[in-house]
Every structure is written in structure tokens, then in C-alpha cells.
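Asks: Submitted below is the structure of interest, expressed as C-alpha cells.
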Amino acid sequence: MNKPLPLLPLNLGLMAASPQTGAQEGGYRLPPAALMEIVDAPRAPALSLSPQRNLAAVVQTPPLPGIAEVAQPELKLAGLRINPRTCSSSRFAFGTDLGLLDIATQKESRIRGLPRALRLADLAWSPDQRYLAFSHVAYKGERGSVELWLVDIAARKASRLSAQPLSAVLTRGFNWLPDSSGLLVHWRPAGIGKAPVSDGIPTGPIQQDSDPGGSLRQLRTYQDLLKNEADARLFEYYVTVQMVLLDLHGKGRPIGEPGQFSRTSLAPGGQYLLTQSVTRPYSYIVPASSFGERVEVRDLHGAVLHTVALLPLEEGLPPGNDAVSEGVRHVSWRADAPATLVWTEAQDGGDPARPVIDNIRDLVYQHAAPFREPPLVLARLTMRYAGIAWGRGDVALINERWHKTRDYKQWMIQPDHLSTPPELIYAGSYEDRYNSPGSPVMRADGSGFPRLLIGPGTTLLLDGAGATPEGDRPFIDRLSLTTKNKERLFQSAAPYFENVAAVLNDEGTLLLTTRESPTERPNYYLRDLTKPEHRQLTALTSYPHPTPQLKDVHKEQIRYPRNDGVELTATLMLPPGYDAVRDGPLPLLMWAYPQEFKSAGAASQTTGSPYRFNAVSYWGPAAFLAMGYAVLDNPSFPIVGSGEEEPNDSYLPQLVADAQAAVDEVVRRGVADRHRIAIGGHSYGAFMTGNLLAHTRLFRAGIARSGAYNRTLTPFGFQSEERPFWQAQAVYQAMSPFNNADKIKDAMLLIHGAEDSNSGTFPLQSERMFQAIKGLGGTARLVMLPNESHAYRARESILHMLYETNAWLDKYVRHAKPA
């Protein structure tokens with residue numbers, strides 16, 4: 001559970017100033033006070049429900065961290081970002097307090113004995129609910145460590161379980177034993193010594209080979225990769241761990257020798273240990289997640305009992321979004337059996353273009369301990385395996401999907417009776433939200449493994465978003481697996497949006513929900529469906545409105561057509577006190593993110609709900625309501641490719657049509673001037689912004705955050721585009737705003753995290769886009785935020801982002817005149 005980092009003091013020398021005009025001007029800037037209040041608004045805590053569903057851990061979420069916290073030392077190795085001070089991920093976010101909420105009494109109690117400056121990184125309930133384990137990131141001067149702490153639930157008291165630090169680079173570093181008698185932990189190995197230091201003198205050239213006759217592979221672009229053997233040794237140092245069985249008194253027993261374990265999992269019966277360990281050779285072109293691995297079953301002393309697979313280094317997949325690894329994948333324990341392995345193997349070598357026998361793409365196997373007999377085929381799938389929900393020997397749900405067609409199927413199988421044919425539970429398109437049946441409700445069993453909540457008469461509970469033409473209305477259904485009949489137990493009703501956070505009893509009549517309205521922030525409620533309607537709800541929390549100064553924001557979910565008949569949806573927001581007759585049209589900020597579809601029907605479906613809370617976040621466009629702007633948030637920007645047509649074959653005309661429809665609608669409603677509209681977006685939304693500025697004059701300015709603008713730099717696909725550049729050169733070239741920078745006549749603000757780790761959005765993308773516009777005499781500004789990745793975290797960075805955006809909008813949009 002990751003929470004924001006603690007706030008560090010802001011440099012008191014920071015002051016609001018006029019827009020910067022040159023590269024020599026630096027320093028973080030402050031936006032107007034109205035925007036700062038939004039950044040510093042109180043945050044609601046996060047809840048973690050206990051296995052018996054009668055308690056919840058309450059983790060307090062602090063304000064944003066300061067840049068000093070975000071700028072801590074960081075190593076970039078094999079796609080990982082590591083804090084060498086703590087031997088953990090450098091991108092942790094922390095909780096700063098921990099309490100317990102009694103669901104029945106609605107009383108919250110404090111935990112005694114917590115660390116003085118708590119930095120809670122992750123937590124886990126023991127299966128028997130007697131304890132709560134959490135990791136705490138401790139700093140002592142220049143040194144740091146990840147400590148394991150234990151909360152005694154009955155005593156409401158915390159204590160450090162062990163002084164030995166955890167290693168939390170590839171995993172969180174701890175998991176409960178199925179019988180709750182202790183934990184399986186990853187310690188920093190004793191005597192590992194100091195990290196290897198390179199003298200900087202090359203030992204030889206860096207060499208890579210590509211042999212003739214190899215199969216066609218898609219090689220996505222990645223960052224933070226290994227560059228040389230010195231990097232490889234450093235990587236090995238930080239991912240090497242010692243597996244330990246740690247009892248509840250802090251006494252540890254090592255399991256075997258240290259190794260580079262990327263995953264360790266005890267079987268439900270507690271007698272076998274599944275391990276995955278990274279193996280050489282490494283790669284300079286793919287991250288650690290694609291390195292080779294040994295998948296093995298061990299005993300609790302570390303002896304290897306069975307080798308499941310030796311997975312090779314994988315430098316790319318076959319073309320297509322339905323491509324997968326060749327050989328064994330998705331290895332796990334069967335949740336409802338003491339020690340049975342389950343995995344999947346592609347029958348087409350992982351290549352969706354390869355013909356297969358009997359149309360079988362994936363086989364799913366199960367293999368019971370002691371693993372002496374051959375594995376058994378659990379399921380034969382005509383699409384790609386997409387997960388399994390375990391119930392008991394006669395009930396499990398297995399899913400398959402195919403991206404190319406967006407098809408999805410769910411089957412009921414009987415894993416203890418393999419001669420029984422599977423029964424189809426659902427078949428449809430996963431794009432079709434209106435007809436989605438929902439997801440089966442799960443609960444943790446006595447060993448801590450998730451299992452289907454199976455009721456009397458072999459019934460399941462389904463939790464769904466409840467998408468309708470009027471908006472989302474979350475629901476709980478009871479499904480009979482015998483008759484396939486459904487009974488609706490609950491559905492959210494106007495004027496509230498109520499979402500089921502958890503089902504608290506086996507019958508599905510006692511629910512933990514979050515309930516909100518446009519003026520009421522989400523709070524937790526207990527809903528008892530056995531009581532009369534007016535007595536069903538009991539409030540568990542009463543979090544106040546985070547931005548009361550914006551409580552009276554007007555929000556409306558609107559529908560409007562595209563020029564080809566596709567129905568679009570957007571959320572229109574207007575500042576408090578706005579009167580269209582009195583105030584007239586406003587400057588407007590539109591914020592969007594395109595999405596690909598395979599059917600116009602799915603693209604036309606309504607998303608969101610008019611009854612959601614009017615949340616005003618610093619991250620999206622709504623913050624600028626405080627500055628007097630109208631906002632069109634999340635307007636539909638569908639890119640539809642029906643049948644054999646790929647969506648991106650007509651990306652630009654559809655994108656322009658989406659934007660034109662949105663602009664026409666807000667102008668028709670009288671809330672915006674056609675000549676005072678800005679467009680913005682993050683990541684793929686920034687890419688969209690660049691294209692709209694290049695191919696239309698609909699917008700006076702664009703705000704493009706952390707985007708990619710030259711698609712030839714992502715030549716093996718991006719978003720849902722599965723064709724490589726060499727197969728669809730015209731599409732890649734046409735879709736690249738960089739290629740059309742000479743056509744950008746309106747002002748473009750580019751903001752990017754200087755340490756962006758997201759595949760495809762290298763900081764170079766924004767740097768080159770800015771250079772192109774500047775060199776061509778256009779209007780642009782580039783802002784690189786130090787130490788920030790794809791999403792920005794430091795308070796100083798967020799405030800500066802808002803400062804730049806506000807200054808840009810004021811300069812180019814607020815007072816713009818008709819062209």
C-alpha cells in the first residue's frame with residue numbers, strides 16, 4: 001500500500017513571479033494562493049480491511065513530500081530505481097500514522113508504540129487477524145533501512161520485529177506464513193559488504209549481437225537499462241536477498257543460500273516454497289522483468305525439490321498485442337489446494353499470427369505435489385489466458401481474452417473433476433461496459449489466499465460498475481451457477497454515487513461502501529440490506545470537504561454527437577457563482593486522453609457518473625476553476641477501428657472530429673468563447689495536444705505534460721498500436737506532431753519530469769519537440785522538473801507546474817481576441 005511521502009519545509013525564499021523568459025532564470029515558483037490551497041488540501045486516509053472483515057487498518061496520508069525527499073540518491077539499474085540508502089525502491093510513498101477502525105462500533109483506536117517518525121511503506125494482515133505487519137523506512141543520518149514491525153491487534157501495540165533490515169528492491173520484502181505463525185522475509189544478506197565501486201576505467205567495448213535468421217521480435221523502448229558489466233555487478237548486489245523464516249518473537253531461520261529472488265511464495269499448506277530467481281545472461285536492451293529466471297519448488301530449508309521451468313532471457317515478443325512469452329508463464333499456487341502448481345503455456349510459440357491445432361492458443365496446467373506424476377491439463381483456451389479465480393474443487397472461474405477483437409470469455413471449471421466440460425458463464429467484448437457482468441467477489445481464506453465467496457446453492461456475488469446511458473450505477477448481483485439466474489441485491493441510486501468497497505458477510509447483505517455526491521466527498525458507510533431502506537446506512541467516517549471554497553462548483557455530465565454519429569461524453573465544470581447570462585462565456589481548459597475502440601457502439605457508451613464528488617485536484621484541470629476558467633474534463637476522444645481496420649489508420653481525422661465536437665458543444669451552450677479555449681493532457685494526452693495544435697486552430701494554447709511526439713522513437717508500437725514502424729510507416733509519420741511542428745501556430749507549453757522512467761516518454765521527446773518549434777519560429781516553452789518521473793511528486797514541482805500552467809493560460813487564453 002503506497003501512500004504519499006511526508007511534507008518537508010518549502011524553501012521560504014520561493015516567491016511568485018512573472019513568467020520566466022529565458023533559460024538562465026531558475027528557481028521554483030509559486031502559483032496564486034487559490035491554487036496553493038488546492039495543493040495543500042487535506043487528504044483522506046486509506047483503509048485496509050482485515051481478513052474477517054470486521055476491522056480496518058487506517059493509514060494516514062500526509063501532504064506532498066518536499067523536493068529534498070524526492071531527490072534522495074537513486075540508482076537506475078535494469079529498469080529499476082533503487083534507493084541505495086535503504087536497499088528499496090526509490091519511489092516509495094509513505095503513510096505517517098496508523099489506526100484501527102472497528103466496523104461494527106464505528107470506533108477508531110490508536111496504535112501505541114509506533115515509530116516516532118513513521119514512514120509506512122506496506123502492510124499485511126496475518127491470515128488469523130491477530131497481527132498486522134508493516135514495513136517502516138527509517139533514516140539515521142546518511143544511512144537508512146527498511147524495518148519490519150508488528151502490531152498486536154488485541155493489545156493495539158506495535159513493536160519492531162527484527163533489527164535486521166529488509167531488502168525491498170524486487171519485492172516488498174515480507175509475506176505471512178499461511179498458518180500465521182510467522183513471516184517469510186527477505187533480509188539483506190549478512191556479510192554482503194559494501195556495494196561494488198567501479199573505477200570508471202573501461203574493461204573493453206560493450207558488445208551486442210543480432211544473428212541472421214532470428215524471428216521477428218517487438219522491442220519496446222525502455223529506460224534505466226544496464227549499460228556495462230559494472231552495472232550488472234551493482235544490480236546483482238542490490239537484488240541479492242536471504243530468505244528467512246521469521247517467527248513472532250523475531251527469531252529468524254535462513255532458508256538456503258542468498259540469491260537473486262524476484263518472487264517467493266509459500267503454498268497454502270505451508271510445506272512448499274515457490275521461488276523465482278534471476279539468472280544470467282543479462283541484457284542491455286530490456287529490463288529485469290525480461291531477464292531469464294529459474295522457477296523452482298523448495299522445501300523450507302531451501303533444498304530444490306522440483307524445477308518448474310528455466311526461463312530464458314527474453315529480448316522482445318512476436319508482433320502484436322496478443323503476443324506472449326514462449327513456454328511456461330503465470331506460475332502460481334492453486335489457492336484452494338495444499339500444494340498444486342498452476343501455469344500457462346502458449347501453443348503458438350507466443351505468436352498470435354501462427355496457426356494452431358484445434359484453435360487452441362493456451363493450455364493451462366496443474367501439477368500437484370510431490371510433482372512426480374505428469375501435470376494435468378486444466379483448461380484449453382482459444383484465446384489468451386487472463387486469470388483464474390479459485391473457489392473449491394468443483395468451482396473455479398477462468399478467463400480468456402483476445403486484444404485484436406476485444407473478445408472476452410469466462411468459464412466455470414471443476415479443477416478436481418477434469419472430465420467435466422467447462423461451462424460458459426459470459427462471452428462478450430471487454431469494451432462493452434453496458435453489458436459487463438461484473439467481477440466475482442473474493443475473500444481471503446484461512447491461509448490468506450483469495451477465494452471465491454461461494455454462497456448456498458453454489459451462488460456467487462458479482463461486483464460491477466453498472467455502466468448505463470445515464471452513467472455508472474455500481475451494483476452487487478447474486479449469480480446461481482446452477483441455473484445461471486441473477487438477483488440484484490444492491491444498486492447505487494441517484495442523487496448519490498455509492499460504490500461497494502467490500503462485502504462483509506457470506507450472504508452479500510452487509511456491505512462496506514463509499515458514498516458521495518457532487519458536494520459530499522467519499523466517505524465509508526455500512527449498508528445492511530436486511531433492514532428497511534431508510535435504516536440501511538450507518539456512517540463509518542466523516543471526512544470533511546477538502547476544498548470548501550470550491551464546494552459550489554457546477555458540474556454536469558454532458559452528451560453530444562461527433563460528425564459521424566458517435567456519441568461522446570464529457571464532464572463540464574463551471575466556477576462557483578457563475579451565471580451564464582450575467583457573466584457570459586468564459587475561457588475554458590479542456591483536458592483529454594484518447595482511447596482506441598473496435599466498435600462505434602462501445603465508443604459511444606457513457607462513462608462516469610453525474611453524482612460523483614466534485615473533486616478538485618491539483619493533477620487535473622479542475623484546479624483552474626479557482627482561477628475563473630471553465631473546464632471540460634475527460635471528454636471522449638475515441639479512435640475507432642472497426643473490423644480489419646486499425647484505429648490509428650484514421651487517427652488524425654477522428655481526433656480532429658472529437659475536438660471539433662467538444663468545442664462546438666461548449667460554444668453552443670454559451671459557456672465558452674471559441675477563441676479562448678486551451679487543450680491539455682498528460683502522457684498520451686500530451687501527444688494528443690501536440691497533434692491538435694499541429695492540425696487545427698481550435699485552441700489558443702496547449703499544455704503538454706510528459707508526452708511523446710516522435711513516434712519513430714517508439715518503433716515497435718505504442719499505446720494499442722501493435723504494428724512496428726516498418727509495417728505502418730505512413731501511420732507513424734502522420735501521427736507524429738514532431739513531423740508537423742512547422743504547422744503549430746498556437747502556444748505550446750511542454751512540461752516533463754527530467755527523470756521520466758515511462759517506456760516511450762523519454763525526456764528527450766519534449767526537448768526535441770521544443771527545439772523544433774523554437775527553431776521554426778513558433779511559440780513554446782519547455783519546463784523540465786528535476787528528480788521527477790512520469791508523475792510528479794514533490795510539492796515544489798507540483799506548485800511550479802501550476803504556476804507555469806496558470807501563467808501560460810493567462811498570457812495566451814484568458815484575454816485572447818478572435819483571430
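Each value in this text was obtained by applying a stated rule to the coordinates, not by laboratory testing. Bear in mind that the values here come from a model prediction, so they are computed numbers and not experimental data. Ideal geometry is used to build each Cβ from the backbone, glycine not excepted, and the neighbour counts take in all protein chains shown.
Asks: Could you please tell me the mean projected area of the C-alpha convex hull for the stretch 93-212, averaged over all directions and given in square nanometres to one decimal?
Replies: Over all viewing directions, the stretch 93-212 projects a mean Cα-hull area of 13.6 nm².
Asks: Tell me the label-point distance for the pair Arg112, Val377, using the 7 Å Cα-to-Cβ offset, in nm and rounded to one decimal.
Replies: For the pair Arg112/Val377, the computed spacing is 6.2 nm.
Asks: Also, I was wondering about something else. Quick one: Karplus J couplings for the stretch 765-776, per residue in order, coefficients 6.51, -1.76, 1.60, θ = phi - 60°, nearest Hz, x for Gly and Pro?
Replies: Couplings: 4, 6, 4, 6, 5, 4, 4, 5, 5, 4, x, 8 Hz.
Asks: Once amide H atoms are placed 1.01 Å from N in the peptide plane, what residues at a sequence separation of 5 or more from Phe613, or on another chain, have their amide H within under 5 Å of its amide H?
Replies: Correct list: Ser517.
Asks: Shifting gears a bit: Give me the count of lysine pairs in the stretch 548-814 whose alpha carbons sit under 23 angstrom apart, restricted to pairs 8 or more positions apart or on different chains.
Replies: The number of close lysine pairs in the stretch 548-814 is 5.
Asks: In what order do Lys404, Lys76, Lys598 fall by count of nearby beta-carbon atoms within 10 Å, going from fewest to most?
Replies: Fewest to most other Cβ atoms nearby, the residues stand as Lys404, Lys76, Lys598.
Asks: Hey, got a sec? Which trypsin sites (Lys or Arg not before Pro) in the stretch 149-258 land in a DSSP loop and have at most 16 other Cβ atoms within 10 Å?
Replies: Qualifying residues, ordered by number: Arg156, Lys194, Arg217, Lys227, Lys251.
Asks: In deg cm²/dmol and to the nearest 500, what is the mean residue ellipticity at 222 nm of the chain if only DSSP H runs of at least 4 residues count, each as -39500 (n - 2.57), divided by the residue total? Provide the component values of the computation, followed by the final result.
Replies: Working: 10 runs with 95 residues, N = 819.
The helix-only estimate for the chain comes to -3500 deg cm²/dmol at 222 nm.
Asks: While we're here: At 0.36 nm per residue, and after removing the present C-alpha to C-alpha distance, how many nm does the segment from Lys404 to Glu507 gain when stretched out fully?
Replies: Contour length minus Cα-Cα distance gives 33.2 nm.
Asks: Let me ask another. Would you calculate the separation in nanometres between label points at Ser759 and Asp564, each defined as 7 Å from the Cα along the Cα-to-beta-carbon direction?
Replies: In this crude spin-label approximation the distance works out to 2.8 nm.
Asks: Let me know the charge dipole size of the stretch 453-543 about its Cα centre in debye, to the nearest 20, where only the beta-carbon of Lys, Arg (+1) and Asp, Glu (-1) is charged.
Replies: 120 debye
Asks: List the lysines whose alpha-carbon lies under 19 Å from that of Lys227, not counting same-chain residues fewer than 8 positions away?
Replies: Within the straight-line cut-off, Lys227 pairs with Lys76.
Asks: What is the extension gain from Arg354 to Ala730, computed as 0.36 nm multiplied by their sequence separation minus the C-alpha to C-alpha distance, in nm to one decimal? Write out the running numbers ahead of the final one.
Replies: Details: separation 376, 0.36 × 376 = 135.36 nm, distance 2.59 nm.
That pair, Arg354 and Ala730, stretches by 132.8 nm at full extension.
Asks: Determine the relative contact order of the chain: mean sequence separation of Cα pairs under 8 Å and six or more apart, normalised by residue count, in whole percent. Write out the running numbers ahead of the final one.
Replies: Numbers: 1928 pairs, mean separation 73.4, N = 819.
Relative contact order, the chain: 9 percent.
Asks: Taking the number of other C-beta atoms within 10 Å as the exposure measure, put Glu498, Glu229 in order starting with the fewest.
Replies: Ascending number of Cβ neighbours within 10 Å: Glu229, Glu498.
Asks: Using Cα positions and a limit of under 19 Å, work out the aspartates and glutamates in reach of Lys140, with same-chain residues fewer than 8 apart set aside.
Replies: Here the aspartates and glutamates satisfying the reach criterion relative to Lys140 are Glu69, Glu74.
Asks: In addition: If you stretched the chain out fully between Lys531 and Ala154, how much longer would it get, using 0.36 nm times the residue separation minus the C-alpha to C-alpha distance?
Replies: Between Lys531 and Ala154, full extension yields an extra 132.6 nm.
Asks: Rounded to whole Hz and in sequence order, give me ³J(HN,Hα) for the stretch 475-485 from the Karplus expression 6.51 cos²θ - 1.76 cosθ + 1.60, θ = phi - 60°, writing x for Gly and Pro.
Replies: Rounded to whole hertz, the list is 9, 10, 10, 9, 10, 7, 6, 7, 9, 6, 6.
Asks: Where both partners of a DSSP beta bridge lie in the stretch 548-814, what percent of those bridges are antiparallel, to the nearest 5?
Replies: Working: 12 of 40 bridges.
Here the antiparallel bridges make up roughly 30 percent for the stretch 548-814.
Asks: Another question, if that's okay. The stretch 304-335 to the stretch 725-768: how many Å between their Cα centroids?
Replies: If you average the Cα positions of each part, the centres end up 33 Å apart.
Asks: Moving on to the next point. Restricting to DSSP loop positions (anything but H, G, I, E, B) with no more than 16 other Cβ atoms inside 10 Å of their own Cβ, which GluC sites (Glu not before Pro) remain in the stretch 565-658?
Replies: Sites meeting the loop and neighbour criteria: Glu644, Glu645.
Asks: If the label point is 7 Å along Cα→Cβ of Glu229, which residues in the stretch 277-294 have backbone nitrogen under 20 Å from it?
Replies: The answer is 279-286, 292.
Asks: Here's another thing I want to ask about it. Taking the alpha carbon gyration tensor of the chain, what are the square roots of 5 times its eigenvalues, largest first, to the nearest whole Å? Let's see the in-between values first.
Replies: Working: eigenvalues 340, 217, 195 Å².
So the three semi-axes of the chain are 41, 33, 31 Å.
Asks: A follow-up question, please. Just for the chain, what percent of DSSP beta bridges are antiparallel, to the closest 5?
Replies: 85 percent
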